[in-house]
Amino acid sequence: PNFDRERFANLPDLPAAAREAESIASTYGANPLVRDEATAARVKHGLKETEIAHFATHAISDEKSHLLSKLLLAGAGKESHHSAPGYLQASEIYELNLSRTRLVVLSACQTGIERAYRGEGAIGLARPFLTAGVPLVVASLWPVESEATADLMISFHKHRRQDQVSTVEALRRAQLDAINKQQSGAPKNYEWAAFVAIGGYASF
């Protein structure tokens with residue numbers, strides 16, 4: 001998405017996010033929501049209609065309340081008569097009925113675990129999707145770099161679709177691809193290790 005640069009000025013660009021979304025969408029024969037099209041309203045509508053949802057964006061954790069943590073999206077645009085927040089907040093995801101959605105991929109920084117809350121355990125942006133009815137979420141455990149993550153995710157979805165294997169197996173194969181592609185003598189890249197499958201529907 002074209003997220004709000006003024007409000008989130010400290011966040012870097014995501015140069016590979018559009019490539020990631022477009023390539024993965026083509027794998028499934030779908031139409032991606034990229035740049036100004038990736039608004040909260042369109043994403044929420046799409047989530048209710050889709051079996052697999054993939055987010056390539058920034059995740060912002062809120063230190064005071066995990067309900068205020070958010071996935072950055074595009075605003076409504078200057079032409080719109082009403083303002084849109086430009087993000088999808090955890091509290092909104094909890095309220096959605098995502099019974100049709102079977103897999104959500106959060107290709108962003110530290111979406112699996114933000115922090116541990118007393119009495120609640122570790123909480124991240126994966127939890128609201130699980131609560132909303134999604135049985136399986138692929139999320140990250142630490143900050144990741146855009147280009148390497150895009151390559152991993154494109155590989156993951158290709159394995160999942162073309163090899164017709166489970167999400168867990170497809171992620172394993174994509175991670176092995178990333179390890180095997182590392183050139184000897186080059187700086188080690190550990191983006192592949194950040195992503196895990198969370199949930200209980202491992203056969204999908």
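Let's see how each residue does on (1) touching a strand residue (DSSP E or B) at 6+ places or on another chain (Cβ under 8 Å); (2) part of a loop (DSSP other than H, G, I, E, B); (3) modelled with pLDDT under 80:
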position: LYS78; (1), (2), (3): no, yes, yes
position: HIS82; (1), (2), (3): no, yes, yes
position: PRO85; (1), (2), (3): no, yes, no
position: LEU88; (1), (2), (3): yes, no, no
position: SER99; (1), (2), (3): no, yes, no
position: ALA122; (1), (2), (3): yes, no, yes
For this session: Only residues that are touching a helix residue (DSSP H, G or I) at 6+ places or on another chain (Cβ under 7 Å) and free of Cβ contacts under 8 Å to residues at least 24 places away in the same chain: list them for the range 178-192, please.
Result: ILE179
Seminar exercise, completed: Those residues of the range 150-177 which are of a type in the set (Phe, Trp, Tyr) and touching a residue at least 60 places away in the same chain (Cβ under 8 Å) amount to none
Seminar exercise, completed: Selection over the range 151-183 where residues are of a type in the set (Lys, Arg) and over 18 Å from ALA139 (Cα atoms) yields a count of 2
Exercise. Where residues in the range 14-29 are open to solvent by 30 Å² or more (accessible area, probe 1.4 Å), in contact with a helix residue (DSSP H, G or I) (Cβ under 8 Å, 6 or more places away or on another chain) and part of a loop (DSSP other than H, G, I, E, B), which of them is nearest to LEU106 (Cα to Cα)?
Worked result: LEU14
For this session: Give just the number: which of (1) farther than 22 Å from GLY46 by Cα; (2) surrounded by fewer than 18 Cβ atoms within 10 Å (Cβ to Cβ); (3) at pLDDT 90 or above; (4) of a type in the set (S, T, N, Q) does GLN182 not satisfy?
Result: (3)
Exercise. Looking at (1) open to solvent by 70 Å² or more (accessible area, probe 1.4 Å); (2) on the phi > 0 side of the Ramachandran plot, can you tell me which one GLY86 breaks?
Worked result: (1)
Seminar exercise, completed: Screening ALA9, ALA53, ALA41 for residues that are open to solvent by 20 Å² or more (accessible area, probe 1.4 Å) and not in a helix (DSSP H, G or I) leaves only ALA9
Seminar exercise, completed: Those residues of the range 56-67 that are open to solvent by 50 Å² or more (accessible area, probe 1.4 Å), touching a residue at least 24 places away in the same chain (Cβ under 8 Å) and in a loop (DSSP other than H, G, I, E, B) come to a total of 2
For this session: Starting from the range 1-18, take each residue that is over 12 Å from HIS58 (Cα atoms) and list its partners that are part of a loop (DSSP other than H, G, I, E, B), counting only C-beta distances under 6 angstrom and pairs at least six apart or across chains.
Result: ALA18/VAL34
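The values are calculated or read from the model by the stated rules, or taken from the named source; none is laboratory data. In this text, all values refer to a predicted model and were calculated from it rather than measured experimentally. Neighbour counts are summed over all protein chains in view; Cβ atoms, including those assigned to glycine, are modelled from backbone coordinates with ideal geometry. Heavy atoms of the whole protein, side chains included, go into the accessibility calculation; ligands, DNA and RNA do not. Shrake-Rupley method; radii C 1.70, N 1.55, O 1.52, S 1.80 Å.
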